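Worksheet: the structure to be examined is printed underneath.
The values are calculated or read from the model by the stated rules, or taken from the named source; none is laboratory data. The model shown is predicted, which means the values in this text are computed figures rather than measured ones. All Cβ positions, glycine included, derive from the backbone under ideal geometry; neighbour counts span all protein chains shown.
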Amino acid sequence: MKRLKLGVLISGRGSNLQALITACAESEFPAEIVLVISNKPDAKGLEHATAAGITTEVVEHGDYADRESFDREVDARLRSASVELVCLAGFMRLLSTWFTDSWHDRVINIHPSLLPAFKGIDAHAQALAAGVRLSGCTVHIVRPEMDAGPILVQAAVPVLPGDTEDDLSARILAVEHRCYPLAVRLLAENRVRIDGDHAIVEGDTYTEGYLINPARE
Ligand code: GAR
């Protein structure tokens with residue numbers, strides 16, 4: 001089986017990276033991680049990659065004069081590792097239009113909200129402030145605009161009375177760890193066609209039903 005070569009970009013904890021590492025360890029999974037790049041030398045996620053025997057590299061954004069020169073260095077390293085799909089996994093830097101154009105339809109991101117709601121760094125706080133009763137996560141194809149692009153996979157979770165940001169973050173993170181490997185699988189199996197702003201998934205299946213919160217009627 002030919003496996004899609006992934007490059008994963010991180011900035012911190014790396015729990016989504018770990019979810020991808022775990023998925024890729026299954027013999028049937030159609031992708032493999034060939035390189036992990038962090039823009040922060042102390043990112044905990046680097047330890048997950050090293051423990052799994054994956055090559056890691058640090059590209060510190062402070063060492064580069066501007067956004068595009070940093071992006072060009074990241075691009076060069078991804079290409080020299082023959083990366084085919086770039087996965088942003090808690091990578092807390094905006095990519096330049098130059099980068100997203102060079103990797104058109106080949107960069108994906110995970111975000112802890114049901115996009116297009118609550119873009120940006122404080123998605124959980126925004127969801128709590130808005131008083132929504134459902135939130136979730138989104139895996140999408142990256143476009144130059146922050147947290148935007150064709151949506152591949154989403155999952156919804158309830159927001160419960162008294163939730164703190166940590167409570168909501170933990171509930172969403174559990175579904176992030178299921179959604180990110182699923183999105184990679186769909187792309188690796190060539191089941192996604194991009195049509196304008198939409199990602200069409202061939203052979204799509206879904207569970208009929210709904211999530212209602214509060215549940216009592
Ligand atoms: C995740 O919750 C991810 O959705 C979020 O950062 C966290 C990284 O956690 N990403 C964004 O907010 C991007 N806008 P991790 O390092 O444990 O995967």
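Observations, loosely collected:
- The one condition from (1) under 18 Å from residue 138 (Cβ atoms); (2) more than 18 Å from the chain's Cα centre (by Cα) that residue 177 does not meet is (2).
- Qualifying residue in region 71-82 (condition: at pLDDT below 95 and farther than 17 Å from residue 55 by Cα): no
So that you can scan it fast, the table gives a plain yes or no per residue for (1) closer than 24 Å to residue 137 by Cα; (2) not acidic (Asp, Glu):
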position: 17; (1), (2): yes, yes
position: 32; (1), (2): yes, no
position: 46; (1), (2): yes, yes
position: 50; (1), (2): no, yes
position: 65; (1), (2): no, yes
position: 73; (1), (2): no, no
position: 77; (1), (2): no, yes
position: 82; (1), (2): no, yes
position: 103; (1), (2): yes, yes
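- Residues in region 28-43 that are within 17 Å of the chain's Cα centre (by Cα) and either assigned to a strand (DSSP E or B) or of a type in the set (D, E, K, R) (or both): 31, 32, 33, 34, 35, 36, 37, 38.
- Pairing each residue of region 11-23 that is closer than 11 Å to residue 178 by Cβ and in contact (Cβ under 8 Å) with a residue 24 or more places away in the chain with any residue that is part of a helix (DSSP H, G or I) and within 6 Å of the ligand (Cβ to nearest atom), provided the two are 6+ apart or on different chains, yields C-beta distances under 6 Å for 16/176.
- The set of residues in region 24-56 being of a type outside the set (A, V, I, L, M, F, W, C), over 18 Å from residue 73 (Cα atoms) and touching a residue at least 40 places away in the same chain (Cβ under 8 Å) consists of 30, 45.
- Hits in region 48-67 - residues which are in a helix (DSSP H, G or I) and either at pLDDT below 95 or exposed (fewer than 14 other Cβ atoms within 10 Å of the Cβ) (or both): 50, 51, 61, 62, 63, 67
- If you filter region 11-27 down to residues that are over 23 Å from residue 60 (Cβ atoms) and assigned to a loop (DSSP other than H, G, I, E, B), you find that the one that is nearest to the ligand (Cβ to nearest atom) is 25.
- So residue 186, is it within 16 Å of the ligand (Cβ to nearest atom), under 29 Å from residue 30 (Cβ atoms), surrounded by 14 or more Cβ atoms within 10 Å (Cβ to Cβ) and under 18 Å from the mean Cα position of the chain (by Cα): no
- Strands (runs of 3 or more DSSP E) contained entirely in region 98-169, each with at least 2 residues that are within 11 Å of the ligand (Cβ to nearest atom): 107-111, 134-141
- Scanning region 182-217 for residues that are in contact with a Lys or Arg (Cβ under 6 Å, 6 or more places away or on another chain) and either touching a residue at least 40 places away in the same chain (Cβ under 8 Å) or of a type in the set (S, T, N, Q) (or both) yields 201, 213.
- Taken over region 68-97, residues that are part of a helix (DSSP H, G or I), under 21 Å from residue 31 (Cα atoms) and β-branched (Val, Ile, Thr) amount to 1.
- Index of the failed condition, residue 159 passing every other in (1) within 21 Å of residue 89 (Cα to Cα); (2) surrounded by 17 or more Cβ atoms within 10 Å (Cβ to Cβ): (1)
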